[in-house]
Amino acid sequence: MGPYQTPLALAREPLMAFFWAVLAPILFLTGAALVAYEFVPEFETGSALEIRAYQTLWFVSCLAMAAWFAVMSVWSNWLGAGPFAGRMTTDSTWISIAVILGPIILLVPNVIVASVMTEEGWQYNGDVNQDVFQPRNWTLAFIFVSVIMAPIVEEVAFRGIALGALIARGLSPIGAVVLSSFAFAFSHLQYSPAAMFVVFLSGIGFAILRLVSGTVIVPIIAHGAANGVVLSLNWLAANPPT
């Protein structure tokens, strides 16, 4: 292990580290979405066909993310960095810190950026069908991807492999945090530039947690807690108590 409990083996394959953090999300996730759309029949908004279409889309996305993680994990383990590209043990104090700080890391930048945005739907780019993310179209696969799968896969890719490879090759912690957070933001092409800036800032927060805790499990828990809180708030906004 090197600085910040970073597997030094990650320094051996910088091009593959770049692939897993920058190109793999496009290859696996965008590719899977394009394939899924080919099999989704036309539907009217609010119809049963719409719900089934999004069930198919999120199920395929779940499979694609699982495939991304499986191949990436096998590569990381083969390289000598372990299946999660870093240590996966911690104590109860760090778990509590992750659960508390995770939502703050994501919500505070979002509130700040939202305060200067005036148009509705500013979070997504113009080519994205925002109905995909509406609570009425959520499925178990969507919730699983958002709260469990994405935090695990993205933290291993960006705070495990990307951040770890940069640290292992001698880049300063600040430089490694910034570059890996850029890659994290770039992987969220469904968002607008303003929302990608929010992702970038949250990536910095998760990266700092990875460095100061010395383990990948802390940003994974923080990321999962953040996404869980955001989903809960969105659900309450769409279904206010009466």
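The values are calculated or read from the model by the stated rules, or taken from the named source; none is laboratory data. Only a predicted model underlies this, so the values are computations on that prediction, with no experimental measurement involved. Reconstructed Cβ throughout: ideal geometry from the backbone, glycine too, with neighbour counts over all protein chains shown.
Quick notes on this one:
- Residue in the range 110-124 that is of a type in the set (Phe, Trp, Tyr), farther than 12 Å from Ser192 by Cα and within 17 Å of the chain's Cα centre (by Cα) present: no
- Of all residues in the range 176-194, none that is in contact (Cβ under 8 Å) with a residue 40 or more places away in the chain and over 21 Å from Leu209 (Cα atoms) has its Cβ atom under 7 Å from the Cβ atom of a residue that is in a loop (DSSP other than H, G, I, E, B) and among the acidic types (Asp, Glu), 6 or more apart or on another chain.
- Some residue of the range 1-14 being on the phi < 0 side of the Ramachandran plot, modelled with pLDDT under 80, outside any helix (DSSP H, G or I) and not small (Gly, Ala, Ser): no
For (1) in a loop (DSSP other than H, G, I, E, B); (2) among the acidic types (Asp, Glu); (3) over 16 Å from the mean Cα position of the chain (by Cα); (4) surrounded by 14 or more Cβ atoms within 10 Å (Cβ to Cβ), each residue gets a yes or a no:
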| position | (1), (2), (3), (4) |
| --- | --- |
| Leu34 | no, no, yes, no |
| Arg52 | no, no, yes, yes |
| Val71 | no, no, yes, no |
| Pro83 | yes, no, yes, yes |
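- Given (1) out of contact with any strand residue (DSSP E or B) (no Cβ under 9 Å at 6 or more places or on another chain); (2) surrounded by fewer than 19 Cβ atoms within 10 Å (Cβ to Cβ), index of the condition Tyr191 fails: (1)
- The range 196-220 - residue that is small (Gly, Ala, Ser) and farther than 17 Å from Ala150 by Cβ and, of those, surrounded by the most Cβ atoms within 10 Å (Cβ to Cβ): Ser213
- Only one of Val111, Val132, Val147 that is touching a residue at least 60 places away in the same chain (Cβ under 8 Å), closer than 19 Å to Ala226 by Cβ and part of a helix (DSSP H, G or I): Val147
- So Phe184, is it farther than 25 Å from Asp91 by Cβ, buried (at least 19 other Cβ atoms within 10 Å of the Cβ), of a type outside the set (A, V, I, L, M) and touching a helix residue (DSSP H, G or I) at 6+ places or on another chain (Cβ under 9 Å): yes
- Options Gly228, Gly203: the member that is within 12 Å of the chain's Cα centre (by Cα), of a type outside the set (A, V, I, L, M) and over 24 Å from Gly80 (Cα atoms): Gly203
- Hits in the range 85-97 - residues which are over 19 Å from Pro7 (Cβ atoms) and assigned to a loop (DSSP other than H, G, I, E, B): Asp91
- Check on Glu38, acidic (Asp, Glu), in a helix (DSSP H, G or I) and either touching a residue at least 12 places away in the same chain (Cβ under 8 Å) or buried (at least 19 other Cβ atoms within 10 Å of the Cβ) (or both): no
- Filtered residues of the range 118-127 (kept if more than 15 Å from Leu201 (Cβ to Cβ) and either in a strand (DSSP E or B) or not small (Gly, Ala, Ser) (or both)): Thr118, Glu119, Glu120, Trp122, Tyr124, Asn125, Asp127
- Given (1) closer than 24 Å to Ala70 by Cα; (2) surrounded by 22 or more Cβ atoms within 10 Å (Cβ to Cβ); (3) under 14 Å from the mean Cα position of the chain (by Cα); (4) hydrophobic (A, V, I, L, M, F, W, C), index of the condition Ala165 fails: (3)
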